[in-house]
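No lab work stands behind these numbers, since they all come straight from the coordinates. Bear in mind the structure is a predicted one, so any value in this text is a computation, not a measurement. Cβ atoms come from the backbone with ideal geometry, glycine included; neighbour counts cover every protein chain shown.
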Ligand code: SF4
Ligand code: SF4
């Protein structure tokens, strides 16, 4: 099965896929001649759990973190939103110092994995996804010349990526589902993309949304649930993954109040009709423009 995928750092190489037990030759340490070179050309995509850890580390809420430390990008042709760590004009990560990474204990998943890349695929007819690994070899990185061999599995342990992968597993499933649904489901509507962004990256805004009256009128959840997500970022993040699966793919795991969507539709009928008419007018105008010069 062929898949397109992104590697965390820029490279033109075609990777050879590796298994967890494959040994690599690599060691990174403070005394190495290239120390910090990778962080000065950083291209780091962030996962939900990366943002949760970094915002707590910096004592910020998620919206403030996104504003100060993240840059948006589109993850695919359907404009599914992603965020990367912001860099300075030369491409250096804002967290790099002469002493190394200033957020080391909470550094993102891609930084932990480097120079190992990882790629999740869901083989056809398999209920679970499979992760393959590959090695990124870049000119500036001298860690590959260090005399140490380590398996990918041990390297993942050493770098603490297991917790990060566990935390992000359901989010990855959402993305794999979106990918495997392909063009048959069409482009996701703007509202779905906004929900994806909020649930994935802007946790504190998502919390306000979950605690709002309109959310409580839609979903049938116990008071203890609201208490938990008020206090616990991880519980809230995981609930966000469930909500995305429900809203985007119809996997019903969160009970809804009876007839709530009919009531909503009734209340907003006029708005929907106006929107429909505006869309028809826009389409007509696009058709008129297309044929104007041709006839
Ligand atoms: S977060 Fe830390 S490890 Fe990652 S690129 Fe920035 S300085 Fe380097
Ligand atoms: S060995 Fe590689 S990962 Fe370590 S500091 Fe040098 S460039 Fe970065």
Worksheet item: Using every alpha carbon pair in the chain, what percent of pairs falls into each 10 Å bin from 0 up to the bin containing the largest distance?
Response: 5, 22, 30, 23, 13, 6, 1, 0
Practice prompt. Pop the C-beta distance of residue 262 and residue 209 into the FRET formula with R0 = 22 Å and round what comes out to the nearest 0.05.
Written response: 0.50
Discussion item. Between 0 and 90 degrees, rounded to the nearest ten: what's the tilt of helix 233-249 against the longest Cα principal axis of the chain?
Written reply: 50 degrees
Worksheet item: Dimensions of segment 19-158 along principal axes (Cα, Å, largest first)?
Response: 48, 41, 26
Worksheet item: Say each of residue 35 and residue 231 gets a label point 7 Å from the Cα, pointing the same way as Cα to Cβ; how far apart are those two points in nm?
Response: 4.3 nm
Worksheet, complete the sentence: To the nearest 10 degrees, the tilt of helix 161-181 (Cα long axis) against the first principal axis of the alpha carbons of the chain is 50 degrees
Worksheet item: Between residue 71 and residue 137, what FRET efficiency comes out of the Förster formula 1/(1 + (r/R0)^6) with R0 = 35 Å and r the beta carbon distance, rounded to 0.05?
Response: 0.85
